[in-house]
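Here's the structure, in structure tokens; my notes come after.
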Amino acid sequence: MGRVASELVWSLLGLGLLLCSWGCLASAELRAPPEKIGIIGAGIGGTSAAYYLRQKFGKDVKIDLLERGEVGGRLATLAVQGQDYEAGGSVIHPLNLHMKRFVKDLGLSAVPTSGGLVGVYNGETLVFEESSWFIINMIKLVWRYGFQSLRMHMWVEDILDKFMRIYRYQSHDYAFSSVEKLLHAVGGDDYIALLNQTLHENLQKAGFSEKFLNEMIAPIMRVNFGQSTDLNAFVGAVSMTGADSNLWAVEGGNKVVCSRLIQASKSNLISGSVISIEEKTKTKQRGNPTKMYEVVYQTGSEINSDFYDIVLVATPLSPKISNITFLNFDPPIDEFHQDYQQIVTTLVKGELNSTLFSSRAKDQFGLSTVLVTDNSHMFINSLGIMASVREKESPPPSIDGTHVWKTFSQEILTKEQISKLFLSYDYAVRKPWLAYPHYKPPKKCPPIILHDRLYYLNGIETAASAMEMSAIAGYNAALLAYHRWNGHMDMIDQDGLYEKLKMEL
Ligand SMILES: Cc1cc2nc3c(=O)[nH]c(=O)nc-3n(C[C@H](O)[C@H](O)[C@H](O)COP(=O)(O)OP(=O)(O)OC[C@H]3O[C@@H](n4cnc5c(N)ncnc54)[C@H](O)[C@@H]3O)c2cc1C
Ligand SMILES: *[C@@H]1O[C@H](CO)[C@@H](O)[C@H](O)[C@H]1NC(C)=O
Ligand SMILES: *[C@@H]1O[C@H](CO)[C@@H](O)[C@H](O)[C@H]1NC(C)=O
Ligand SMILES: *[C@@H]1O[C@H](CO)[C@@H](O)[C@H](O)[C@H]1NC(C)=O
């Protein structure tokens, strides 16, 4: 009797163990990875998504990147007499940790972007001129604006400090299903409220003077985002970090990060312009009919198509920029008519007519960057001496007074306008961009989840457009796609993450 009973006990136990192991497996084990993932756009957003998708889904998934132009997108260079200069996204903040990590992991080098002295021109005179002596700058600033610049610094620090939490969340694999939820997780209600206030309103309420806003803040917004302090307060803070010291760039050009990310992620780059996306039911070689996305793209005069389990759209969905049609989706997926503004980058090799800005003799004009106020009536947003992507430090000193200058302007500069700025010039080259959104708060960010397994990265630009923002969006979309594929809903949109992860320290 004992034997039968004990056998029964053992087999029950065995069954129990078996059940447990199944149960445990079912919750810990993952669904088979997708076969194929398509990413539209090989800028920093799309390529960083490829990098993180490979890390999450493993070596077997095929990843295609469809790109209609050059790898790098808005990270691009222009050549002036055999040297390359950044023409799009150029400076990176020391606390942009994804960009920093890419450079390290991909064996690239960072170079400091040239400091040089900055002046602010108001159409008549230089209202502010930086000095190479730190103490003199402080005295000038205090003299002119009281302690507002110090307070401004603290205002930016506070926003940046909170923003840094995103790195913690992402390194613990947490994902967010909307830009607002992501920003809420880093800074709470006050933080997303920044999206719906203009920088001007926010800083005015905080007691900053009109003079300070016009002379110090507006020129910084103009050089970074081509508009004044009427942009949202969050992108305003991001823009202010571009006035910090210790900014850097990637040696050889920032766009090199994108091509290295493609290599490192073993993705397949397809040259083609995506025309449409449609969900279709496809029977795979083995197994049941599966819903997949058909992506139709044009290469030269040829039309091709491919099927993907998951698709990431990593370009602004705006008819003028990407012109992708979403066929037969219910509810329909609209393009988000985000209004991207034109900014023209012009590189000029020549000698500046410094008397335009200052009555000082030209060998006494020590500024290497001139910013302008809104009421300056200048046809440019900024003007600065550039170092090439190969020069390790600041630009080489000039023997003949000529430098390579970069200007940003709303419109393409005429020959007359260039001649007005320069005593003489040898060479000029330009690139017009649909650069970043025209910011007009209040605004809701476009969704990240467009459909079941169809994700959109560039809605984050409605909050703020920068390389690091696109890298954050790329990582987030990769995590989101992964967790949704595996049904790990507890890794998405978690509340109280900051407190929770603090406890884990
Ligand atoms: C002049 C300028 C200065 C800037 N300065 C800075 C700076 O100093 N620091 C900073 O951090 N940021 C800066 N930025 C912003 C930064 O460059 C961008 O935020 C960032 O590069 C955007 O990357 P992305 O991958 O999201 O988009 P993009 O780089 O625009 O990539 C999208 C890609 O998709 C491709 N594509 C579009 N439609 C299709 C289609 N239908 N089929 C196939 N491919 C398609 C495009 O060709 C493009 O390569 C600047 C931008 C500009 C324009
Ligand atoms: C967008 O694509 C459609 C075809 O899909 C084309 O007819 C139209 O001219 C394109 N628009 C732009 C602005 O390129
Ligand atoms: C330089 O600019 C000043 C001020 O606008 C102008 O008077 C002068 O003629 C310019 N010099 C040349 C050589 O164009
Ligand atoms: C911001 O404004 C938009 C558009 O008016 C609105 O949809 C959104 O809910 C607002 N967000 C917040 C946090 O108030």
- Message: Looking only at the stretch 276-322, count every residue that is more than 13 Å from ligand 1 (Cβ to nearest atom), outside any strand (DSSP E or B), among the polar types (S, T, N, Q) and modelled with pLDDT under 95 and tell me the total.
- Response: 2
- Note on the structure: Residue set 100, 140; condition within 19 Å of the chain's Cα centre (by Cα), charged (D, E, K, R) and over 20 Å from residue 395 (Cα atoms); output residue 100
- Residue that is surrounded by the fewest Cβ atoms within 10 Å (Cβ to Cβ), among those in the stretch 32-74 that are of a type in the set (Val, Ile, Thr) and outside any strand (DSSP E or B): 61
- Working only within the stretch 420-474, note down all residues that are among the charged types (D, E, K, R), buried (at least 17 other Cβ atoms within 10 Å of the Cβ) and either modelled with pLDDT under 95 or under 27 Å from residue 279 (Cα atoms) (or both). 453, 461
- Applying the selection to the stretch 195-206, what residues are exposed (fewer than 14 other Cβ atoms within 10 Å of the Cβ) and without any contact (Cβ under 8 Å) to a residue 24 or more places away in the chain? 205
- Here are 398, 388: which of them is buried (at least 16 other Cβ atoms within 10 Å of the Cβ), away from ligand 1 (no atom under 15 Å from the Cβ) and under 24 Å from residue 112 (Cα atoms)? 388
- Note on the structure: The residue from 356, 317, 371, 352 that alone is of a type in the set (A, V, I, L, M, F, W, C), away from ligand 4 (no atom under 16 Å from the Cβ) and surrounded by fewer than 18 Cβ atoms within 10 Å (Cβ to Cβ) is 356
- Hey, among the residues in the stretch 333-343 that are exposed (fewer than 14 other Cβ atoms within 10 Å of the Cβ) and among the charged types (D, E, K, R), which one's modelled with the lowest pLDDT? 334
- Residue pairs within 9 Å by beta carbon, gap of at least six or interchain, first lying in the stretch 473-497 and on the phi > 0 side of the Ramachandran plot, second away from ligand 3 (no atom under 16 Å from the Cβ) and not in a helix (DSSP H, G or I), listed first then second, are 487/31; 493/174; 493/175; 493/176; 493/177; 493/178
- Message: Please go through (1) touching a Phe, Trp or Tyr at 6+ places or on another chain (Cβ under 8 Å); (2) outside the structural domain of residue 459 (by the TED database); (3) assigned to a helix (DSSP H, G or I); (4) surrounded by fewer than 23 Cβ atoms within 10 Å (Cβ to Cβ) for residue 260 and return the number of the only condition it doesn't satisfy.
- Response: (2)
- Task: Scan the stretch 75-88 residue by residue and report those that are modelled with pLDDT of 95 or more and assigned to a loop (DSSP other than H, G, I, E, B).
- Result: 75, 76, 87, 88
- Which condition breaks for residue 192 when tested against (1) in contact with a Leu (Cβ under 7 Å, 6 or more places away or on another chain); (2) in contact (Cβ under 8 Å) with a residue 40 or more places away in the chain; (3) under 30 Å from residue 486 (Cα atoms)? (2)
- Message: Condition (residue is under 29 Å from residue 371 (Cβ atoms), surrounded by 21 or more Cβ atoms within 10 Å (Cβ to Cβ), free of Cβ contacts under 8 Å to residues at least 24 places away in the same chain and under 21 Å from the mean Cα position of the chain (by Cα)) applied to the stretch 210-230: is it met by at least one residue?
- Response: yes
- Output the residue which, of all residues in the stretch 309-334 that are under 21 Å from residue 44 (Cα atoms) and not aliphatic (A, V, I, L, M), is nearest to ligand 3 (Cβ to nearest atom). 320
- Note on the structure: With criteria (1) over 15 Å from the mean Cα position of the chain (by Cα); (2) modelled with pLDDT of 95 or more; (3) closer than 25 Å to residue 448 by Cα, residue 106 comes up short on (3)
- Meets criteria (of a type in the set (D, E, K, R) and crowded, with 18+ Cβ neighbours inside 10 Å) for residue 330: no
- Residue ranges of strands (runs of 3 or more DSSP E) in the stretch 324-435 with at least 1 members hydroxyl-bearing (Ser, Thr, Tyr) and away from ligand 2 (no atom under 16 Å from the Cβ): 340-352, 367-372, 382-385, 403-409
- Given the conditions (1) modelled with pLDDT under 95; (2) crowded, with 21+ Cβ neighbours inside 10 Å, and given that residue 244 satisfies all but one, which numbered condition is not satisfied? (2)
- Item | Count of the stretch 410-419 residues which are crowded, with 18+ Cβ neighbours inside 10 Å and either within 13 Å of ligand 1 (Cβ to nearest atom) or under 17 Å from the mean Cα position of the chain (by Cα) (or both) | 0
- Message: I want to confirm something. Restricting to the stretch 270-296 and keeping residues that are farther than 17 Å from residue 328 by Cα and surrounded by 16 or more Cβ atoms within 10 Å (Cβ to Cβ), which single residue is nearest to ligand 2 (Cβ to nearest atom)?
- Response: 273
- Item | Pairs with Cβ under 8 Å, 6+ apart, first in the stretch 94-116 and aromatic (Phe, Trp, Tyr), second more than 14 Å from ligand 1 (Cβ to nearest atom) | 102/108; 102/260
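The values are calculated or read from the model by the stated rules, or taken from the named source; none is laboratory data. Everything numeric here is computed off the predicted structure, so don't read it as measured data. Note: ideal-geometry Cβ built from the backbone for every residue, glycine included; neighbour counts use all protein chains shown.
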